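Shown next, in structure tokens, is the structure this report addresses.
Values in this text are rule-based calculations from the coordinates and carry no lab data. All of these numbers come straight from a predicted model, not from anything done at the bench. Using ideal geometry, Cβ is built from the backbone for each residue, glycine included, and neighbour counts are taken over all protein chains shown.
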Amino acid sequence: MKILVTGGAGYIGSHTVLCLLEQGYDVVVVDNLCNASEESLRRVATITGKAATFIQADIRDTIALDAIFEQQQVSAVIHFAALKAVGESSVIPLSYYENNVAGTVNLLEVMQKHEVKNFIFSSSATVYGEANAVPYKEDMPLGNPSSPYGTSKVMVEKIMMDVVNANPQFRGVSLRYFNPIGAHESGMIGEDPKGIPNNLLPFVAQVAVGKREKLSIFGDDYPTEDGTCERDYLHVMDLAEGHVAALNWLNKEQSFTGFEAFNLGTGNGTSVLAIVNAFEQATKVNIPYQISPRRAGDLPAFWANAEKAKTALGWTAKRDLTTMMEDTWRWQSGNPDGYAE
Ligand SMILES: NC(=O)c1ccc[n+]([C@@H]2O[C@H](COP(=O)([O-])OP(=O)(O)OC[C@H]3O[C@@H](n4cnc5c(N)ncnc54)[C@H](O)[C@@H]3O)[C@@H](O)[C@H]2O)c1
């Protein structure tokens, strides 16, 4: 089976491509490299001994996509390609809607033309918005996220539901990720943020290698156990395996048509301070930090109800916090400048 993976050179995409190749899938990666390097895929090939076909193209480019679907007989699409910086999305919202929403519409149109019906989408816990109570469950209503990035994820999920209504053959799965961290155990691939990291652990790791002076913790007066925000951190390899589980589920459930959402998280919240402590313990590296004002739009705490993925997909997050920290450190200390030559 050949799977087309958009954004497959990126952080989560490259780990998922690795799992797909290891499971015997053929993989075609389409990525415009706006936030990634082809080096990630070269390293995936070294680790697995198998190579994905790489095509540098933009998902908004109809002609390029059409040619790719013409040449490659793909049976499913896993769609990672998106812009993902929450803060930036408030500064350049139109770029986010154009890339994440219009790009996905274009991809779905080309899929429809070539009669590719299986679609797995990278969604996010942010779709639950502020109003839903934790832990988040898939049957809760879609919320109003505080950023254009989050809104773009809600919009794509709604578009998928509309496509289902118009095209009963469509099989759409939305995977709502919680907070992926960590790296492949080889230390050869990992998260390589351009510029200042937006996410906690890449920032911590860059402080640890001396690239940044200290960590800012945004708020320590939240209504949580230690006052810092709590998130549901899961290992990126568990997340990658969740995609294979979703794909296997689509293959098994041949009679399924429609739209289905699954949370991919551990079901536990961990605070920012607990992450810093766990990193220090696992790596024996001290992380200097300061407490800064709260960041607009940050929710105090959220985590997944992860039961549906367990029951339906047979998937649970297996790797613990120590493994997440050790694997992050192996990647960051071995590649202080990421994939840069
Ligand atoms: N990392 C997280 O914490 C997180 C959480 C929830 C959801 N997600 C979603 O998961 C997906 C992957 O995230 P990631 O962390 O691996 O990010 P990433 O930036 O590493 O990966 C995204 C990839 O898409 C590519 N891309 C972007 N726009 C494109 C376009 N128009 N055409 C072709 N390629 C394009 C980028 O070059 C990059 O390789 C995204 O959709 C993101 O919104 C991520």
Reachable lysines, given that their alpha-carbon falls under 17 Å from the alpha-carbon of K310 and they are not under 8 places away in the same chain: K137, K252, K318
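Which three numbers, in whole Å and largest first, are the semi-axes of the equivalent ellipsoid of segment 38-116 derived from its Cα gyration tensor as √(5λ)? Please report the intermediate quantities before stating the final value.
Details: eigenvalues 119, 81, 18 Å².
They are 24, 20, 9 Å, listed largest first.
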Mean shadow area of segment 123-176 over all directions, Cα convex hull, nm²: 3.7
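Per 0.36 nm of contour for each residue apart, how much would the distance between D139 and Q290 grow if the chain were fully extended, relative to their Cα-Cα spacing?
On the way: separation 151, 0.36 × 151 = 54.36 nm, distance 3.86 nm.
This chain segment gains 50.5 nm when fully extended.
Report the full-extension gain for the segment N248 to T48: residue separation times 0.36 nm, less the Cα-Cα distance, to one decimal in nm.
Details: separation 200, 0.36 × 200 = 72.00 nm, distance 1.99 nm.
Gain in length upon complete extension: 70.0 nm.
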Residues in segment 1-22 reached by a label modelled at D61 [backbone nitrogen below 14 Å; 7 Å Cα→Cβ]: 7
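What share of Cα pairs, in percent, lie more than 15 angstrom apart in segment 191-281?
Result: 70 percent of Cα pairs exceed 15 Å.
Please tell me the relative contact order of the chain in percent, rounded to the nearest whole number, where contacts are Cα pairs under 8 Å and at least six residues apart. Show your work: numbers first, answer last.
Details: 691 pairs, mean separation 64.3, N = 341.
For the chain, the relative contact order is 19 percent.
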Highest-MSF residue in the chain out of M111, M140, M325 [GNM, Cα springs under 10 Å]: M140
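Could you sort 238-246, 90-98 so that the peptide with the highest average Cβ count within 10 Å comes first and the rest follow in order?
Working: 238-246: 23.6, 90-98: 14.8.
The most tightly packed comes first, giving 238-246, 90-98.
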Stokes-Einstein D (µm²/s) once Rh is taken as the Kirkwood radius of segment 131-257 over alpha-carbon pairs, at 4 °C in 1.567 mPa s: 72
Packing-based order for 183-193, 3-13, using average beta carbon neighbours within 10 Å, highest first: 3-13, 183-193
Max mean-square fluctuation residue, GNM over the chain, Cα-Cα springs under 10 Å, options Q71, Q23, Q169: Q71
Spread of Cα-to-Cα distances over 20 Å intervals beginning at zero, given as percent, for the chain: 32, 61, 7
Label-point separation, K310 to M1 (7 Å along Cα→Cβ), nm: 2.5
Paramagnetic reach from D337 in segment 37-73 [backbone N under 19 Å; point 7 Å along Cα→Cβ]: 37-43
Virtual spin-label span in nm between D226 and F256, 7 Å along Cα→Cβ: 3.8
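Using helices alone, I'd like the mean residue ellipticity at 222 nm for the chain: each DSSP H run of four-plus residues gives -39500 (n - 2.57), total over residue count, nearest 500.
Values: 11 runs with 124 residues, N = 341.
Only helices count here, giving -11000 deg cm²/dmol.
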Share antiparallel - DSSP beta bridges, the chain, percent rounded to 5: 5
Dimensions in Å of segment 1-157 - Rg and Dmax from alpha carbons: 16.0, 47
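Might you report the magnitude of the Cβ-based charge dipole of segment 160-232 about its Cα centre, with Lys and Arg at +1 and Asp and Glu at -1, to the nearest 20 debye?
400
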